[in-house]
Structures are given as structure tokens and as C-alpha cells.
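Inspection log for the structure reproduced underneath, given as C-alpha cells.
The values are calculated or read from the model by the stated rules, or taken from the named source; none is laboratory data. These figures come from a predicted structure and were not determined experimentally. Every residue, glycine as well, gets a Cβ built from its backbone with ideal geometry; the counts of neighbours run over all protein chains shown.
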Amino acid sequence: MDRSRNGRSAVTPSSSPPDHLNGSGPATVRSPRARQRALCIAALPDADDSSVRELGELLRTAGVAVVGELLQRREQPHPNTYLGPGKVAEAKQLAQELDANVIACDDELTPRQERNLEAELGIPVVDRTTVILDIFAAHAASAEGKLQVELAQLEYNLARMRGLWSHLERLGGGIGTRGPGESQIETDRRLARDRIAALRRRLDHVRGTRAVMRAERERAALPTVALAGYTNAGKSTLLNALTAAYGRGGRAGQSGADHQAERDRRVRDRLFHTLDPTTRTVQIGGRPHLVTDTVGFIRKLPHQLVDAFGATLEETIRADVLLHVLDASATEDEMEAMRRAVEEVLEEIGADSSPRVLVLNKADLLDEAARQELRLRHPKAVLLSGVTGEGLEELAARIESELRHTLCPLDLLVPYASGSSLAELHEVAGELARRDTPEGVRVRALVPARLASRFARFAVA
């Protein structure tokens, strides 16, 4: 992630930081790959600095080394310089001592705060939103993902276009003083607005395409399950484990680590590795279910990204059951902060009323005492491991239980001549009780309520 004094100019590939950089304080950068060295600053109302540590992880994901932190306790950030005047002077001195060449702020800065900070510190300043957008831009792989990220970046940077043409400006008033610098910045803004409008039209087309695909799935009336949760909570690993254990050709109890099929969701231990939604078919209770993995959330998630990824997040809104995946290896305070962050985004997109199951992932990293404590604190949650496959059977049973209210009991007599209807019944009902009679096949089954009308003509009075 590069940034000039006048704005972002380039994106560098993600790279791993040196092992001795942990973001908790000053450090010496010796790696030649650490071309950008960031000093993290934050204005916090309390002593909880977990958000700043998370900013360090975001920077490392973006390929930036963290050389130190500077925190100030204050209820609200300073309206002009984010930090107070004394802390700004301290930050300037500390950045020189640590040889930092970029300042990373833990909150989204207003254009005025960013401009004043850069003027005071003499080095580029980036905020949390810029870092997250940079990571999304680097990780976007599909055409849809790239469109969504570009839209979010343009909307964020539109209000921050400044200074690029200051050498052409003429100051003063009266005839002849309106220089080309003013018209050029307006031209840039108009071009950006035109591009935003074009991206929105293309994303509307994407949303329409997704609606057609969703309509096809809804016609089949397959139950849908969505994975939602904090970034790097193991959602993609869990999807792979479910596909391995209950997918077509999979068997219950098989771990995600053992499943090496090409259809596996690519996983990696880094923030926002997964941006594009992936849907897999799994067999639970003898009935096919659609399970979708979506983009992860994070504290202070930029609203531009939530808006831009509306078409992607729509899969979460329409799911019959939502699996809220949490990292069980985190501390209780961190888990609660992650849970609140996800709940806030779900409420923002309108998915807060969906039936949900709390899933505590990464149980393989816990000892028995920690597991018992989690079971006491979250008695309704499912404790599992997407890596070892532990707890998957409990999760499958919980999904089946949550969806039972969507099923309708039917008592049918299907003539032998209606073999296609019987085959469809086997597909949508999964396990059923059947008995051959002279008149046809007597069937008792639970089918999705949306499909009950298809078999009404076979109902036994």
C-alpha cells in the first residue's frame, strides 16, 4: 500500500512482516521488504486497545510493517487533527525516532483531519478505511468483486480529491483570476461521479443476474444456510468441512482437512482472504441444503463497502438459517466485540431478524477447561472445529432442527404411473416412510411448505 502526499498512487502486493514485528510497540525494521513502516495512532475513550492491535494486523495484511503505537485517551477525537496538539507533536517526534514513513489512524478521518495531520506530521496519513479498502482491492479476484471494491474506493476518495492541480491555481478575485486549476479538479470530480454511476449500473446488472440464479434455487425450494461472521473466523474452512462431511460423495465424520477435492473453498490465515460468495450443496437429514460462505466483517467496517457489497450480502439476508461463526480461541472480551461488530452489520443490511445459530469455531485450539467454560457461557452455541471435523454432526442436527418449522407433513398415495413425482418427492423430502400398495406407493414425508402444493393431488383424505 503506497500513498503519496496527495492520495493513493499505487497498491503493492501483500507480504508477510518480519517475525519480530508484533505491533505492540517500537521496533526496528531490518527487512528490506518493509518499504512502508507505519506508526499506528488512536484516540480511545477507554483502555481497550484491541482495535489498535487489529489495525496492526490489517497493516501487515496490506504488506506494511508496524513500528510502533501511540494512544491518547479522550472521549472524542479532536475535530481538526484527530489527536490533541500535544500528542500530534509527540507523534511527529516518535515517527522520526522509529523511521516511520506513514501514519495509520485507527478511525476513519474526515478530509480536514487528514489534511491537517499530514501538514503537521510531514508524512502521509492513512486511516483504517483506506487500509481496509486497500486489502479488498488486493484480494478481489472476480470481476464482480473488483467492481464492488472500485465503487467503494471511488465513493470514499471523491470527497478527498485535493491538491493535485494546486500548481495551476490562481488566487485572488475578479476577471481573469479563475485559473484552470479550479476547473480541472471539478472535471476530476465529474469523471469520478460518472464512473460511480457506471459502476452502479453494472452492479445492478450483477444483482439482476444473482436474482435469476436465486429464483432458480427458490424454484427447487432447497433450504438455504449462510455463513456470516468476523473476518478470519474460519468460515471458509467450515464450508469445506461441511462439504467434505455431507456433500455429494462425502461421508459424515470426514474432516475438512481430509477433503482435497477441487471444489474446496480456498482458505488462508489472513484477514479478508475471502471476498466472493461461494455456495455448496450438502446433504443433511437426507435432504439437500445450500450453504453459502460470504465476505467477513470487522469492527468499523466502512459503510462504502457495506453498500458496494449489497449484491453479495443479499445472500445472507435471504437465508433460511444464519450461522454466526465466532473464533473460539479469542478471549471472551474479544469474542464479544467481534459478535457485536457482526450483529451491527447484519442489522444494517436487514438480516438481524433471520433465525441464527451461534457457532464457536477453532475448538481444536482449546484445552478441555476452556471448552467447558465456553459451554457454560454459551449453552446454545455449537462448539466445533472446521479443521478436525469435531462437532459437525451436532451442527448438522442443529440446522435440521432450526429448519423443521419450514416443513409440512404429508400423507400421500402416489400412483405407480407418477414415477417422476415420486422421484421428486425423494429428492426434496430426503428420508421418508413408504409402503407399496396395490393402488400405488403410500408415502409419509416432511417436505418444504413451499412445495406442498405440488403433491396436493396425491393427498390421502
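Numerical summary
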{"quantity": "Unmet criterion (only one of (1) out of contact with any His (no Cβ under 8 Å at 6 or more places or on another chain); (2) outside any helix (DSSP H, G or I)) for V345", "calculated": "(2)"}
{"quantity": "Number of positions in the range 95-122 that are among the charged types (D, E, K, R) and surrounded by 21 or more Cβ atoms within 10 Å (Cβ to Cβ)", "calculated": "2"}
{"quantity": "Search result, residues across the range 344-371 that are free of Cβ contacts under 8 Å to residues at least 40 places away in the same chain and closer than 20 Å to Q304 by Cβ", "calculated": "E344, E347, G350"}
{"quantity": "Enumeration of residues in the range 42-93 that are more than 29 Å from F272 (Cβ to Cβ) and among the aliphatic types (A, V, I, L, M)", "calculated": "V88, A89"}
{"quantity": "Of all residues making up the range 345-381, the number that are surrounded by 14 or more Cβ atoms within 10 Å (Cβ to Cβ), closer than 17 Å to V291 by Cα and not basic (K, R)", "calculated": "6"}
{"quantity": "Any hit, the range 364-374, residues being in the same structural domain as D320 (by TED's automatic domain parsing) and either in contact with a helix residue (DSSP H, G or I) (Cβ under 7 Å, 6 or more places away or on another chain) or among the basic types (K, R) (or both)", "calculated": "yes"}
{"quantity": "Matching residues in the range 110-162 - criterion: being within 21 Å of the chain's Cα centre (by Cα) and β-branched (V, I, T)", "calculated": "T129, T130, V131, I132, I135, V149"}
{"quantity": "Hey, L301 part of a loop (DSSP other than H, G, I, E, B), under 25 Å from D107 (Cα atoms) and assigned by TED's automatic domain parsing to the domain that holds L239 or not", "calculated": "yes"}
{"quantity": "Condition broken by L360, with the remaining ones in (1) assigned by TED's automatic domain parsing to the domain that holds S329; (2) assigned to a strand (DSSP E or B); (3) within 22 Å of R318 (Cα to Cα) satisfied", "calculated": "(3)"}
{"quantity": "Breaking point among (1) farther than 25 Å from P277 by Cβ; (2) out of contact with any strand residue (DSSP E or B) (no Cβ under 7 Å at 6 or more places or on another chain); (3) of a type outside the set (A, V, I, L, M); (4) in a loop (DSSP other than H, G, I, E, B), for D352", "calculated": "(1)"}
{"quantity": "Test for V443: is it buried (at least 19 other Cβ atoms within 10 Å of the Cβ), at pLDDT 90 or above and outside the structural domain of T281 (by TED's automatic domain parsing)", "calculated": "yes"}
{"quantity": "Wholly within the range 57-161, strands (runs of 3 or more DSSP E) carrying at least 3 residues that are without any contact (Cβ under 8 Å) to a residue 12 or more places away in the chain and among the polar types (S, T, N, Q)", "calculated": "none"}
{"quantity": "Subset of the range 125-152 that is among the charged types (D, E, K, R) and modelled with pLDDT of 85 or more - its residue that is farthest from N80 (Cα to Cα)", "calculated": "K146"}
{"quantity": "Only one of R195, R178, R210 that is out of contact with any Phe, Trp or Tyr (no Cβ under 7 Å at 6 or more places or on another chain) and at pLDDT 80 or above", "calculated": "R195"}
{"quantity": "Residue within the range 245-262 that is in a strand (DSSP E or B), in contact with a helix residue (DSSP H, G or I) (Cβ under 6 Å, 6 or more places away or on another chain) and either surrounded by fewer than 16 Cβ atoms within 10 Å (Cβ to Cβ) or modelled with pLDDT of 90 or more (or both) present", "calculated": "no"}
{"quantity": "Residue within the range 382-402 that is in a helix (DSSP H, G or I), at pLDDT below 95, out of contact with any Ser or Thr (no Cβ under 6 Å at 6 or more places or on another chain) and polar (S, T, N, Q) present", "calculated": "yes"}
